[in-house]
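K.L.:
Before we start, here is the structure in question, set down as structure tokens.
What follows is calculated from the coordinates using simple rules that are stated; it is not laboratory data. Just so it is clear, the structure is predicted and the values come from calculations on it, not from any experiment. Using ideal geometry, Cβ is built from the backbone for each residue, glycine included, and neighbour counts are taken over all protein chains shown.
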RNA sequence: GCCCGAGUGGCGGAAUCGGCAGACGCACAGGACUUAAAAUCCUGGGAGAGUCACAUCUCGUGCCAGUUCAAGUCUGGCCUCGGGCACCA
């Protein structure tokens, strides 16, 4: 054994041995309790970044800990390997996306292995390989069969830079989530998944997820955006055609002074065709549609509109009101038409002022009148109805209910629930994705690719420069096929699937990754699911986590899985920052994990990143801090090294007897206290930082013991060191394995049972009591633990300092907290 | 605007059920070892007053109130920062 820890050789030695002995391979063992520990799989960009290191270090501690706790632990890893970066890199470096991707995977797999992570590599999945995307395609067909996948023409989000459509969720601040280019609207025929069919369940079952952060659940709630309201039907005066509008404030329906249509609303043309309003209105609509998505959806944009010349009848009071077209009503939400109540809505108020439309107050605050001449703004709160016919005097809440009822009775409205959540647009006009397994036949129309013909292979020899059309259109061998139903000439769908489709079910494939007959066997999925602990960045709070939940629910309805929620517990880790900012190439503050591992070893990197902050919080990278972790590892090594040296060369330092001396007892108490703290920190709170600091204290205690105790208790020392190495094993697996072997212990440290602590060892004979006077610490007292309350109070009152402090004063009260303090209240 | 989360030494952070604020680590200072340096080991440390040095006292967890014998922790109101949603009718 060398005096210094040579991490380079030793980490390599253990990684090779673990791989050789396949120690992390796992099978279903029905008699054993399972634990599924999952970290979000990476996009193979080429190199690990610190966010990965943090994510996978956390997951590895959990997986190793649970394994030592006796669980059958599934801990897999794979690659989310379809997507745009491969195409962009390929264009830049003239290399095929498949080659680029596989090279990156190879590189990153080596980097992961160099971290000493306990993955079962037999279960590795790569979403861009046919053995995986075959089943993505198969799942698409199941969605199609169950009417949860459909095609429709719609105004979709288009990123001109990426030359593809984007899902609503991928539009951030009106720009492309990836490149920030302002998103345009394009009318295209696209494939959708009917996620809205599950909107209510996705919302309701959030309460079944107590192991998720509130924050994430709130974000999903907001995203689903449920609102309860009423659809009210207004009638066009001249033609009698119906315009349904949606409102959450039916109590204000007597205050309607106009109605507004979205620019895209089909009624617009019907109202204006052939009238003098036709030309100006069409110009206005054109102008609105030319706005970028940012301008279109920004609350800052000036509200504009134009009168159509037509009038509608308000069903509540038969009033005749003008119909306008505006830029602020969204066609996609509700009915694309809104009633204008300027008195009680800020937007409507601004709009009415600008175009001099009447403002009529119909709700007033309780106990207060509203003077329409005086009031200079909308009153948007609930209140008491007035100017509202027979509904006068009702509260807003009552009014909403009564008006809805009344309108329903007369057939002019119905209660309705609306969601902000839209169906999920999954087609992409790009090359590097799973082809959608659909064939278009001139005679038979839209036809599914028969399951036995899957996978529809993505051709590899392709000119894939973005053109706005799928590059697959330019490959005749791919494009032209025959119809599976009639055998006639047909063409394939050339769009590929959004990569989020691939990542919506990968956690199921891990349960049965090698299956060539099915996506996964029901039996194996039933054994492993749910994921007991999912760990990843909060940036996936909406997209990935919502889609994966949707998939799981749909697959449950198809009878493919037995659970309706995929992830029992979710841990969202914070970002890794440097100098206060997220590490990024453009900021030039990137620290490469590869360099850190080369310089200090994987154990140091893991230890630092777990020690520097609790997992949910952002972590500030510190090179000095890394050195501190490195020093600690060397310190542990030296402790064992000198201990072994003494064992062989200075036997007279040790004695073999029971734990009698106070130093022995202190060490034993420290050991068992540490076991307790570390266990609870990992198991209950995921506070790895405090778990590590507890271990550091134990090491400090061992140093003290070794330097100060003349005759060391050999057995106690041996026990303490063994348990120390076990406690360290999840954090620094290589160091622990090597020292375990060096101490001459059998098997691997990683296959040991997690130690239990001895409650009796935690007990002390004496305890220090704090004595406060009026809440301030004035003295301390060391007393036997079993000392009674009365005796304690007596002693506390009689100490010199207390006597001095209370002399001449009246003792009004004495509060005693056994084992902790005595507070003497004096006046 | 609405909804979350967070503010503690020079820094990262700890205090788990209302009971000694600052564990552990970083940085710093001093000492030991060394020809020397590095490495290592040991010691110290919130701020201020006070003392030759102790002792001792005061203040201190974003701000202002409150509850309590006792508040970083509970309540109310604010401030700042971070995140999410936002023309959703």
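K.L.:
Based solely on its DSSP helices, what 222 nm [θ] is calculated for chain A when runs of n ≥ 4 H residues each add -39,500 (n - 2.57) and the sum is averaged over all residues, nearest 500 deg cm²/dmol?
P.N.:
Taking each H run of at least 4 residues, the total per residue is -11500 deg cm²/dmol.
K.L.:
Sort A:146, A:672 so the one with the fewest other Cβ atoms within 10 Å of its own Cβ comes first. Present the calculation step by step, with values, prior to reporting the outcome.
P.N.:
Working: A:146 13, A:672 21.
Result, fewest neighbours first: A:146, A:672.
K.L.:
What is the gain in length, in nm to one decimal, between residue A:795 and residue A:92 on full extension, counting 0.36 nm per residue of separation less the C-alpha to C-alpha distance?
P.N.:
The residue A:795-residue A:92 span can extend by a further 244.9 nm.
K.L.:
Round to the nearest 10 and give me the degree value, 0 to 90, for the angle of helix A:733-742's Cα axis relative to the longest principal axis of chain A.
P.N.:
Value to nearest ten degrees: 20.
K.L.:
Mind ordering A:448-459, A:44-55, A:803-814 by average Cβ neighbours within 10 Å, highest first?
P.N.:
A:44-55, A:448-459, A:803-814
K.L.:
Hey, another quick one. If a/c stays under 1.5 just call it rounded; otherwise compare a/b with b/c (prolate if a/b is bigger, oblate if not). Do that for the range A:1-86, with a ≥ b ≥ c from the square roots of the Cα gyration tensor eigenvalues.
P.N.:
Taking the square roots of the gyration eigenvalues as a ≥ b ≥ c, the range A:1-86 is oblate.
K.L.:
Let me ask something additional. List A:727, A:202 from most exposed to least, where exposure is judged by having the fewest other Cβ atoms within 10 Å.
P.N.:
Least crowded to most crowded, the residues run A:202, A:727.
K.L.:
Here's another thing I want to ask about it. Which shape class, rounded, prolate or oblate, goes with the range A:614-696 when its Cα gyration tensor gives a ≥ b ≥ c as root eigenvalues, a/c under 1.5 marks rounded, and past that a/b bigger than b/c marks prolate? Can you show the working numbers first?
P.N.:
Working: a/c = 3.98, a/b = 1.57, b/c = 2.53.
The shape class here is oblate.
K.L.:
Between residue A:226 and residue A:282, what length comes free when the chain is fully extended (0.36 nm per residue of separation minus the Cα-Cα distance, one decimal in nm)? Each step should come with its number before you reach the end.
P.N.:
Working: separation 56, 0.36 × 56 = 20.16 nm, distance 3.34 nm.
Roughly 16.8 nm would be gained on extension.
K.L.:
Could you list the residues of the range A:601-622 with an amide nitrogen less than 16 Å from a label point located 7 Å from the Cα of residue A:581 in the Cα-to-C-beta direction?
P.N.:
A:620-621
K.L.:
Using Cβ contacts closer than 10 Å as the measure, can you line up A:133, A:757, A:150 from fewest to most?
P.N.:
By the 10 Å Cβ count, ascending, the order reads A:150, A:757, A:133.
K.L.:
Using only alpha carbon pairs under 8 Å that are at least six residues apart, calculate the relative contact order of the range A:578-672 and give it in whole percent.
P.N.:
With pairs under 8 Å counted, the relative contact order is 19 percent.
K.L.:
Mind ranking A:786-794, A:692-700 by how tightly packed they are, going by the mean number of other C-beta atoms within 10 angstrom, highest first?
P.N.:
The densest-packed peptide leads the list: A:692-700, A:786-794.
K.L.:
Considering Cα pairs under 8 angstrom that are at least six residues apart, work out the relative contact order of chain A and quote it in whole percent.
P.N.:
Values: 1446 pairs, mean separation 116.5, N = 827.
Computed over chain A, the figure is 14 percent.
K.L.:
Now, a different point. Would you mind classifying the range A:333-419 by shape? Square roots of the alpha carbon gyration tensor eigenvalues, ordered a ≥ b ≥ c; an a/c under 1.5 is rounded, otherwise it is prolate if a/b is larger than b/c and oblate if not. The partial results should precede the final answer.
P.N.:
On the way: a/c = 2.06, a/b = 1.21, b/c = 1.70.
It is oblate, given that a/c is not under 1.5 and a/b is not larger than b/c.
K.L.:
Please report the spacing between the Cα centers of the range A:685-720 and the range A:354-384 in Å, no decimals.
P.N.:
The range A:685-720 and the range A:354-384 have Cα centres spaced 72 Å from each other.
K.L.:
Please identify which residues in the range A:702-735 have an amide N closer than 13 Å to a label point set 7 Å out from the Cα of residue A:657, following the Cα→Cβ vector.
P.N.:
A:710-714
K.L.:
Just grab the label-to-label distance for residue A:815 and residue A:515, each label 7 Å out from Cα along the Cβ direction, in nm (one decimal).
P.N.:
6.1 nm
K.L.:
Continuing with this model, one more query. Let me know the whole percent of all Cα-Cα pairs from chain A that are separated by more than 52 Å. Don't skip to the answer; put the middle values down first.
P.N.:
Numbers: 120521 of 341551 pairs.
Value for chain A: 35 percent of Cα pairs lie more than 52 Å apart.
K.L.:
Using Cα pairs under 8 angstrom and six or more residues apart, how large is the relative contact order of the range A:490-553, in percent?
P.N.:
Relative contact order of the range A:490-553: 42 percent.
K.L.:
Right, something else. Work out how much length residue A:333 to residue A:110 would gain on full extension: take 0.36 nm times their residue separation and subtract the Cα-Cα distance, in nm to one decimal.
P.N.:
Difference between extended and current length: 75.5 nm.
K.L.:
Tilt of helix A:688-708 relative to the longest C-alpha principal axis of chain A, in degrees (0 to 90, nearest 10)?
P.N.:
Roughly 10 degrees between the two axes.
K.L.:
Still on this structure, I have one more. Relative to the first principal axis of the alpha-carbon coordinates of chain A, what is the inclination of helix A:623-649, with its axis defined by its Cα atoms, in degrees from 0 to 90 and to the nearest 10?
P.N.:
30 degrees
K.L.:
Given the peptides A:611-618, A:732-739, A:158-165, arrange them by the average over their residues of other C-beta atoms within 10 Å, most packed first. It would help to have the intermediate numbers written out before the result.
P.N.:
Values: A:611-618: 17.1, A:732-739: 25.9, A:158-165: 20.4.
Taking the mean over residues of other Cβ atoms within 10 Å, the ranking is A:732-739, A:158-165, A:611-618.
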